[in-house]
Every structure is written in structure tokens, then in C-alpha cells.
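The values are calculated or read from the model by the stated rules, or taken from the named source; none is laboratory data. Because the structure is predicted, anything quoted here is derived from the model rather than measured. Every residue, glycine among them, receives a Cβ derived from its backbone with ideal geometry; neighbour counts consider all protein chains shown.
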Amino acid sequence: MGHATSRELIDAMNELEGWSASTTKTLLHRLIQKQAVSQHGGSRPFTYKPVVGEKESMAAAADDLFDHMCAMRAGSTIAGVIQSRELSRADIANLQAILAEKAKTAPEEVQCNCLPGDQTC
């Protein structure tokens, strides 16, 4: 994992997303608070380095998404993501192997885990 100065990050986010300097600084501050990014240097320019890797961060985001939906909707959500993304043959083969293994112990139906009175599944 590399590091970058605040100026490099501000310029990159402006070019990639059209973000203002203040938006990028706000994001950096929040990432530091969440301990996802560390700040180095006692004076400007500060340098920033990721503490959490991209793979770990993406897994946490996906877990958070699925933790906030009914378990009965997980399969259709995953299917929708797969249908909307370009995948390599290796990715597809890996998914097929994972699904074949999961099918060996999968229940007939996943139980609803919605809050009482909030069942929309």
C-alpha cells in the first residue's frame, strides 16, 4: 500500500470525481477517524497511507450491505450484481465452484430475518 500527500489526493479526486478540496479533506478526516487511513508528518504537507486494504474494505462494505437486508433477498441481490457486471471466465468458474460447494449444505429456504412488523420479503 502506497502513500500520497493531501495535494495529490485532492488533485486525484478532483480529476476522477470532480470533488472539491473540502470534500476530499472531509473524507480524509472521516477515514482517519475510522482508522482506515493514517496521517503522517508533523507539518504540511501531510501524507496519508491506507491502513485497511482494498479487499478488506470491499468485504466490509458488502457485509454491511447484506447485514441491513432480509436474508431472503440476499440471493436475488447477488444475482442482480452478477448480471450487471462483466466477469472473466475465471471469475465465473470460481463462482460456479463456490456455489456448487454451498449447494451441498444449503437449506431449502432461507429464513426471514426482518424486524417484526417490517417484513417486506
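Could you tell me which numbered condition Cys112 fails, if it satisfies all but one of (1) surrounded by 11 or more Cβ atoms within 10 Å (Cβ to Cβ); (2) outside the structural domain of Ile10 (by TED's automatic domain parsing); (3) part of a helix (DSSP H, G or I)?
(3)
It is to be established whether one or more residues within the range 20-43 are farther than 30 Å from Cys121 by Cα, small (Gly, Ala, Ser) and part of a helix (DSSP H, G or I).
Here is the first cut: in the range 20-43, the residues farther than 30 Å from Cys121 by Cα are 20-43.
After this cut, where a residue has to be small (Gly, Ala, Ser) as well, the list is 20-22, 36, 38, 41-43.
Within this subset, residues satisfying the condition of being part of a helix (DSSP H, G or I) are 21-22.
Checked against the condition, which is being farther than 30 Å from Cys121 by Cα, small (Gly, Ala, Ser) and part of a helix (DSSP H, G or I), the range 20-43 yields at least one hit.
Is there a residue in the range 90-104 that is part of a loop (DSSP other than H, G, I, E, B) and either free of Cβ contacts under 8 Å to residues at least 60 places away in the same chain or closer than 30 Å to Ala4 by Cα (or both)?
Of all residues in the range 90-104, those part of a loop (DSSP other than H, G, I, E, B) come to 104.
Within this subset, residues satisfying the condition of being either free of Cβ contacts under 8 Å to residues at least 60 places away in the same chain or closer than 30 Å to Ala4 by Cα (or both) are 104.
Yes, because at least one residue in the range 90-104 is part of a loop (DSSP other than H, G, I, E, B) and either free of Cβ contacts under 8 Å to residues at least 60 places away in the same chain or closer than 30 Å to Ala4 by Cα (or both).
Please determine, by comparing only the residues of the range 80-121 that are at pLDDT 95 or above and of a type in the set (Ser, Thr, Tyr), which one is farthest from Asp67 (Cα to Cα).
Taking the candidates together, the pick is Ser88.
Would the range 78-88 turn up any residue that is more than 30 Å from Leu9 (Cβ to Cβ), more than 15 Å from the chain's Cα centre (by Cα) and in contact (Cβ under 8 Å) with a residue 24 or more places away in the chain?
No, that holds for no residue.
Give the residue that is surrounded by the most Cβ atoms within 10 Å (Cβ to Cβ), with candidates limited to residues of the range 48-89 that are among the charged types (D, E, K, R) and part of a helix (DSSP H, G or I).
Arg73
Kindly evaluate Cys70 against the criterion of being more than 18 Å from Gly2 (Cα to Cα), touching a helix residue (DSSP H, G or I) at 6+ places or on another chain (Cβ under 9 Å) and in contact (Cβ under 8 Å) with a residue 12 or more places away in the chain. I'd like the intermediate steps shown before the answer.
Working: more than 18 Å from Gly2 (Cα to Cα): yes; touching a helix residue (DSSP H, G or I) at 6+ places or on another chain (Cβ under 9 Å): no; in contact (Cβ under 8 Å) with a residue 12 or more places away in the chain: yes.
Judged against the criteria, Cys70 is not a match.
It is to be established whether one or more residues within the range 32-44 are at pLDDT below 95 and either among the charged types (D, E, K, R) or under 26 Å from Gln119 (Cα atoms) (or both).
Yes - at least one qualifying residue is present in the range 32-44.
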